[in-house]
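What follows is one structure encoded as structure tokens, with my remarks underneath.
The values are calculated or read from the model by the stated rules, or taken from the named source; none is laboratory data. From a predicted model like this one, the values you see are computed outputs, not experimental measurements. Please note: Cβ atoms are built from the backbone with ideal geometry, for glycine as well, and neighbour counts cover all protein chains shown. Note: accessible area is taken over every heavy atom of the protein model, side chains too, but ligands, DNA and RNA are not part of it. Shrake-Rupley method; radii C 1.70, N 1.55, O 1.52, S 1.80 Å.
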Amino acid sequence: MLRFLTSGESHGQALIAILDGIPAGMPLDVARVDEELRRRQQGYGRGARQKIESDRVEIVGGVRHGITSGAPIGLLIKNKDWDNWRFVMSAEPIDEQADEAAAQLARKAIERFRPGHADLAGTLKFRQRDIRDVLERASARETAARVAVGAVCQQLLGQFGIKLAAHVVQVGTVRADADLKAVDLDELDRAVAASEMFCADRAAEEQMKELVKRTWQEGDSLGGVVEVLAEGLPVGLGSYTQWDRRLDGQLGQALMSVQAMKAVEIGDGVDSAGRTGSAVHDPIMPAGPTSTALPFTRPTNHAGGIEGGMTNGERLRVRAYMKPIPTLRNGLPSVSFPGFQAGTAHFERSDVCAISAASVVCKAMVAFVLARALVDKFGGDTIADMKASYDRYLEHCRHPGGQE
Ligand SMILES: Cc1cc2nc3c(=O)[nH]c(=O)nc-3n(C[C@H](O)[C@H](O)[C@H](O)COP(=O)(O)O)c2cc1C
């Protein structure tokens, strides 16, 4: 079973993730993990923090001489700004007598809730006095650890010829032309890497940037929509046999767990609710006698690559919908804590629009869910075991009647 946990605060010393269940014998390219971390820090509309972060991963377990050992993989990402926060975020009690200046910094509490954040419920739930005790962990800074995990998972998927790409398809009201049925995912990824907004539609990108700039000037914020695509998936990842084994359900949970994501759509999900069945369901046709791949084809893919909670061999297409960033320069009405006096929300340096970064995080979460499903179906202690099982299964799918 593939699983991970993260720990660490936004302005703490570091973020850590432990990824357990990656089989032994997989080459791990750390530079590719750093590349995903770098991408998460990019994107038009990000706050000043991204300029100081420059994240890098250190592998502290589970890999030796570039090859996974089968042990849990420990991923460490140091917070570059730690020196400026070592008193505020110190794990040790501050000696008030010895260092009055440090004690003053440490005592300075955040006292006004930010609507749209975990501040209000988290402070009451954990009986905190300083809202910082909530916001530090609730912050999307945590997603750096998820991106590192996802980058390792992408390398596992790559061993089986599975590729992923993510792109921004909407910012505020501006929608990209995102009809990419025939576009190769490497090509899409190159277009995304060359775009400040991570959007493959250049005309839409300019309008998106204009909108972000105008919204920033107005002291407001924006959300948007990202699409994650995956191809090369075998038929049958996930299962229909139990509710929690359905892959669509798992993708929904993983994507909704990303800070600020408020809806998830698979394939034409939203539009299909208003269409008739004949316009939604994808016909199944024989592939013809010369086919070396699967013995059937699908002329359309409205389903987005999942039927009955399982991959069906088509390209996976899933979208996540992000609400506007909740920290606003023009603070929203809120109350103080613990006095509950009327005022405006606390403001701390913030993004105006983080949809580009969110696309990297969503890709990481999809990579994790797919890698977990792959390990569930073909898992063994080593990559070689996994590949042998995978090859046998592929052969079965090509000739399910047993004929060669
Ligand atoms: C990549 C990324 C960056 C984010 N940056 C910010 C930010 O700078 N300021 C902010 O207020 N919220 C930001 N958010 C959103 C908040 O973390 C999120 O809205 C908040 O934790 C409350 O969670 P919820 O929206 O899921 O209820 C970001 C989210 C993501 C995915």
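Things to note:
- Entirely in region 102-188, the helices (runs of 4 or more DSSP H) that have 1 or more residues that are within 30 Å of His302 (Cβ to Cβ), open to solvent by less than 10 Å² (accessible area, probe 1.4 Å) and within 16 Å of the ligand (Cβ to nearest atom): 143-158
- Flag for Ser356 being within 16 Å of the ligand (Cβ to nearest atom), crowded, with 17+ Cβ neighbours inside 10 Å, farther than 23 Å from Arg246 by Cβ and within 16 Å of the chain's Cα centre (by Cα): yes
- Of residues in region 45-74 being assigned to a loop (DSSP other than H, G, I, E, B), within 13 Å of the ligand (Cβ to nearest atom) and at pLDDT below 95, the one surrounded by the most Cβ atoms within 10 Å (Cβ to Cβ): Gly45
- Flag if Phe340 is open to solvent by 30 Å² or more (accessible area, probe 1.4 Å), over 30 Å from Ile22 (Cβ atoms), within 13 Å of the ligand (Cβ to nearest atom) and part of a loop (DSSP other than H, G, I, E, B): no
- Tally, over region 75-101, of residues that are of a type in the set (S, T, N, Q) and open to solvent by less than 90 Å² (accessible area, probe 1.4 Å): 2
- Residues in region 224-255 that are closer than 22 Å to Leu157 by Cα and within 16 Å of the ligand (Cβ to nearest atom): Val226, Glu227, Val228, Gly252, Gln253, Ala254, Leu255.
- Residue in region 31-43 that is within 30 Å of Val225 (Cα to Cα), crowded, with 21+ Cβ neighbours inside 10 Å and at pLDDT below 95 present: yes
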